Amino acid sequence: GAVVSQHPSWVICKSGTSVKIECRSLDFQATTMFWYRQFPKQSLMLMATSNEGSKATYEQGVEKDKFLINHASLTLSTLTVTSAHPEDSSFYICSARDTSGQGYIIQYFGPGTRLLVL
Amino acid sequence: QKEVEQDPGPLSVPEGAIVSLNCTYSNSAFQYFMWYRQYSRKGPELLMYTYSSGNKEDGRFTAQVDKSSKYISLFIRDSQPSDSATYLCATQGGSEKLVFGKGTKLTVNP
């Protein structure tokens, strides 16, 4: 149980294009999902908290117009990197909380999406 | 002082060794403590979590929390080459957010 998927697993795009990444909780409902960014050999950096049916909460320094988050259902959150530039190249990882069980506060992570902007 | 401190290593051990991974934290309000394992180019995988103080064992893995000294540990017995990964400690207090250590890179040599 507690499986989170991401799609695509990797994407290469040209500078200026937009890229959408999907995060799905496969066997549980997630009212809250999180989006992280990870640079090589560094720890996870929280970008935003995504709540089903409401606006996402962005961490300080993260441009909300650049990284659009939509959490339209209890099993799906999307992150759209708009007008991507080479500096947006990174490993993007989502996580979801399974609020139904005992470990309701635990976050389960997706496999990540590697984005390369040329 | 950072909220969670973790020695990034790297840590290299021979196969079969007992591995000890540690973190310290500063906020006494933290109640949940987690260990994640992250293989290269993959998302973190939850290994174990504990609530408050005490020990928890799962196979070759033991998680330990000492709230009096704000110290959390993960022990790996009979380490295997497949255990080679980066191990992240994480804690959580009153908010939804996880607070991560920087991660310790472990290599188990056959």
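The values are calculated or read from the model by the stated rules, or taken from the named source; none is laboratory data. Note that the coordinates shown come from a computational prediction; the quantities given were computed from them, not determined experimentally. Please note: Cβ atoms are built from the backbone with ideal geometry, for glycine as well, and neighbour counts cover all protein chains shown. Please note that ligands, DNA and RNA were not included when accessible areas were found on the heavy atoms of the full protein model with its side chains. Shrake-Rupley method; radii C 1.70, N 1.55, O 1.52, S 1.80 Å.
With every protein chain in place and a 1.4 angstrom probe, the accessible-area ranking of B:71, A:36, B:32, B:51, largest first, reads B:51, B:71, B:32, A:36. Charge tally for residue A:77 (other residues, Cβ to Cβ under 13 Å; Lys, Arg +1; Asp, Glu -1): +2. Computed over neighbours whose Cβ is under 11 Å from that of residue A:111, the net charge equals +2, Lys and Arg +1, Asp and Glu -1.
Protein heavy-atom accessible surface, 1.4 Å probe, per residue over the protein assembly as shown: 49 Å². Relative to one another, the C-alpha centroids of the range B:41-110 and the range A:72-91 are positioned 28 Å apart. Residue B:92 sits among other residues whose Cβ lies under 15 Å from its own Cβ, and their net charge, with Lys and Arg +1 and Asp and Glu -1, is +1. Between residue A:66 and residue A:10, the modelled labels are 2.4 nm apart [label points 7 Å from Cα along Cα→Cβ]. Ligands, DNA and RNA aside, residue A:93 has an accessible area near 0 Å² when probed at 1.4 Å.
Each of A:69, A:53, A:12 was placed along the dipole of chain A (beta-carbon charges, centred on the mean Cα), and the one lying farthest toward the positive end is A:12. The residues of the range B:76-110 listed by number as losing at least 30 Å² of accessible area in the complex, against the isolated chain and with a 1.4 Å probe, are B:92, B:96, B:97, B:98, B:100. Applying a 4.7 Å Cβ-Cβ cutoff to the protein assembly as shown, the cysteines left without a disulfide-compatible partner are A:13.
Each of B:30, B:12, B:43 was placed along the dipole of the range B:1-46 (beta-carbon charges, centred on the mean Cα), and the one lying farthest toward the positive end is B:43. Surface composition of the range A:1-116: carbon and sulfur atoms hold 52% of the protein heavy-atom accessible area at a 1.4 Å probe.
Solvent-accessible area of the range B:11-58 (1.4 angstrom probe, protein heavy atoms only): carbon and sulfur portion equals 46 percent. Residue A:68 sits with roughly 80 Å² accessible to a 1.4 Å probe, with DNA, RNA and ligands left out of the calculation. Net charge dipole, the range A:19-99: roughly 40 debye, given to the nearest 20, about the Cα centre with Cβ charges of +1 for Lys and Arg and -1 for Asp and Glu. Burial annotation for the range B:3-52: residues with an accessible-area loss of at least 30 Å² between the isolated chain and the complete set of protein chains, computed on heavy atoms with a 1.4 Å probe, are B:32, B:36, B:38, B:41, B:43, B:44, B:46, B:49. If you look at the Cα atoms of chain B, you get an Rg and a Dmax of 13.3, 42 Å. Modelled label positions at residue A:31 and residue B:57, each set 7 Å beyond Cα in the direction of Cβ, lie 3.7 nm from each other. Note on chain B: GNM, Cα springs under 10 Å; of B:59, B:16, B:43, the largest mean-square fluctuation is that of B:59.
Between B:66, B:78, B:58, the GNM of chain B built on Cα springs shorter than 10 angstrom shows B:58 fluctuating the most. Overall, the protein assembly as shown carries a charge dipole of about 320 debye about its Cα centre when +1 sits on the Cβ of Lys and Arg and -1 on the Cβ of Asp and Glu, all other atoms neutral. Basic side chains Lys and Arg get +1 at the Cβ, acidic Asp and Glu get -1 at the Cβ, and with that the dipole of the range B:56-110 about its Cα centre reaches some 200 debye.
Taking every DSSP beta bridge that has both ends in chain B, the antiparallel portion is near 90%. P(r) for the range A:25-92: what percent of alpha-carbon pairs falls in each 10 Å bin, starting at zero? Result, from short to long distances: 21, 50, 27, 3 percent.
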